[in-house]
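The values are calculated or read from the model by the stated rules, or taken from the named source; none is laboratory data. These numbers were taken from a predicted model, which means no experiment stands behind them. Positions of Cβ are generated from backbone atoms using ideal geometry, with glycine treated the same way; all protein chains shown enter the neighbour counts.
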Amino acid sequence: MFKRILIANRGEIALRVIRTAREMGIECVTVYSDFDSQALHTRMGHIAVPLGGNLPSESYLVPEKILKAAKDSGAQAIHPGYGFLSENAEFAKAVVEAGLVWIGPPPGAIVVMGDKIESRKAMTEAGVPLVPGQTGACESAKEAARVASEIGLPVALKAAAGGGGKGIRIVRDLDEVESAFRTASGEALSAFGDGRLYVERYIDNPRHIEIQVLFDKHGNDIHLGERECSIQRRHQKLLEETPACVLDPALREAMGEVALRAGRAVNYEGVGTVEFLYSKGEFFFLEMNTRLQVEHPITEMVTGIDLVREQLLVAAGEQLTLKQADIEMRGHSIEVRINAEDVPAGFLPATGTIRNLRLPGGPWVRVDSCMYRGLEVGLNYDPMLGKIVVWGPDREVAMNRMQRALEELNVGGVRTSAPAALAVLAHPKFRAGEYDTHFLEGLDLSSIEGPNEDLAAALAAVHRHHQARRRALSGDQGDRRGWVARSRETTSDYRRRAGRFGA
């Protein structure tokens, strides 16, 4: 096993890797930008190496800086986390060429699965079911219109090198093809440096279901069941759960076997996720994420398997100790992402400084978070601040537990996406398991307010009250009558607001 690894990431994922590595007796090297000099991941590693700069393009996205940090610190391997360079095949190759171990799949698997066109070709050869569409790039809007006519409307124009919902346009009328092609191609070129598109049939009202897979270097593989990720906006996930309401054991095994077939087709190693669209009893391959997923904790909660530990063991050359028959999914787990976003404004990124912070706790509540009081939230990085994960013996208990956990949460000073998740959890159709990838679009969130804002105001009132009281006791009398009036006002304000939320 490794003595020391470098984590080429930041925030809650860096903390997640650090915690498992520490339990395994592995030392951790962390890297940080100037902006992250006081971040939790910077402080929790054994060695912290500055990368300089404030933007990702000046720090976490510079392979040369990461490799130098690994060499200078004596790290034996690099864990990329997710995002940044985690699915960059050239970086993975450079890590191996530098004599280090890449804690992830082989570069060749990343290349194939990272290119939507190449992955469609590989999956076709492997007999994996695909959404009807092209297996090659579309050369022009005219060709896109022809393909759309052949496979039937509506269709999706999708970036070949895409991800995260960028470079996608839905076309429901042939007259829209030209403008949609131009827009999607331009967006893809800007986001990925690759403007190629392909056309596939657009499935209305599907469910987004993914299968967690694990492969070692010795030909062994298992799947760890599914996660439902249909609650999303702009193709970005907000809430995930497992098991999925629509799968029975037979369908789960069928999807699991297809997911393993997809991984075998590219000689996969390590942890990965195969994503499917599910509709009316049928499922179709969407893509494979060649890394650890943001939503991996819910799989850990129902299987009892530490996926980061498995990653490290596989990278070190160990064989899987588990067989498919050993995998058992117990109970139900839900994850909610806590993003710095202004929900009424359409989930626009929110900024500010976290002045007050209360994280939920209690039985079967897990919080993976990079938040702390005084954290400055800007626009340089992904807006995700953390995740709340709960487990229950059944879905009803898990939903109620998540509601309670979100109501406990207070992130004072920065708006978060938590109120949107509360609205989802309270909706009768979600409670009944009747939802799809467009569910969030049907909710009116324009005037939504969660407990965060009111509770933050209450806690700020308490803070002002105690500040004034300390000044009075220290002899800074000022206007005594004014202080008494203000203290009474803020105390009653606190009681009124905090009482509403049981604080």
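Within the range 137-148, residues that are farther than 10 Å from Phe181 by Cβ and in the same structural domain as Ala188 (by TED's automatic domain parsing) have Cβ atoms under 6 Å from residues that are of a type outside the set (A, V, I, L, M) and assigned to a loop (DSSP other than H, G, I, E, B) in these pairs: Ala137/Arg196; Val147/Gln134, counting only partners at least 6 apart in sequence or on another chain. Taking Leu153 as the residue in question, decide whether it is assigned to a loop (DSSP other than H, G, I, E, B), farther than 30 Å from Val29 by Cβ and not assigned by TED's automatic domain parsing to the domain that holds Gly270. Considered against the rule, which asks whether it is assigned to a loop (DSSP other than H, G, I, E, B), farther than 30 Å from Val29 by Cβ and not assigned by TED's automatic domain parsing to the domain that holds Gly270, Leu153 comes out as yes.
The numbered conditions (1) in contact with a Pro (Cβ under 6 Å, 6 or more places away or on another chain); (2) surrounded by fewer than 19 Cβ atoms within 10 Å (Cβ to Cβ) are all true for Tyr202 except (2).
With the condition kept exactly as written, say whether any residue in the range 388-395 is in contact with a Pro (Cβ under 9 Å, 6 or more places away or on another chain) and acidic (Asp, Glu). No, that holds for no residue. Looking across the range 277-303, the residues that are touching a strand residue (DSSP E or B) at 6+ places or on another chain (Cβ under 6 Å) and assigned to a helix (DSSP H, G or I) come down to Pro297, Ile298, Thr299, Met301, Val302, Thr303.
Condition first: buried (at least 19 other Cβ atoms within 10 Å of the Cβ) and part of a loop (DSSP other than H, G, I, E, B). Now tell me which residues in the range 328-340 satisfy that. Scanning the range 328-340 gives a single hit, Ala340.
Each row is one residue, and each column tells you yes or no for (1) of a type outside the set (Lys, Arg); (2) crowded, with 21+ Cβ neighbours inside 10 Å; (3) in contact (Cβ under 8 Å) with a residue 40 or more places away in the chain; (4) not assigned by TED's automatic domain parsing to the domain that holds Ala92.
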residue	(1), (2), (3), (4)
Asp342	yes, no, yes, yes
Gly346	yes, no, no, yes
Gly362	yes, no, yes, yes
Lys387	no, yes, yes, yes
Ala420	yes, yes, yes, yes
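Yes/no matrix, rows are residues, columns are (1) in a helix (DSSP H, G or I); (2) more than 21 Å from Val314 (Cα to Cα):
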site: Leu6; (1), (2): no, no
site: Arg22; (1), (2): yes, no
site: His41; (1), (2): yes, yes
site: Leu67; (1), (2): yes, yes
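Annotation note: Cβ proximity below 6 Å between a residue of the range 75-90 that is in contact (Cβ under 8 Å) with a residue 60 or more places away in the chain and a residue that is hydrophobic (A, V, I, L, M, F, W, C) and in a helix (DSSP H, G or I) (sequence gap 6+ or interchain) occurs for Ile78/Ala70; Ile78/Val95; His79/Val17; Gly81/Ile13; Tyr82/Ile13; Leu85/Phe91; Glu87/Ile110. The selection criterion, being more than 30 Å from Glu64 (Cα to Cα), under 25 Å from the mean Cα position of the chain (by Cα) and touching a residue at least 40 places away in the same chain (Cβ under 8 Å), holds for Val131.
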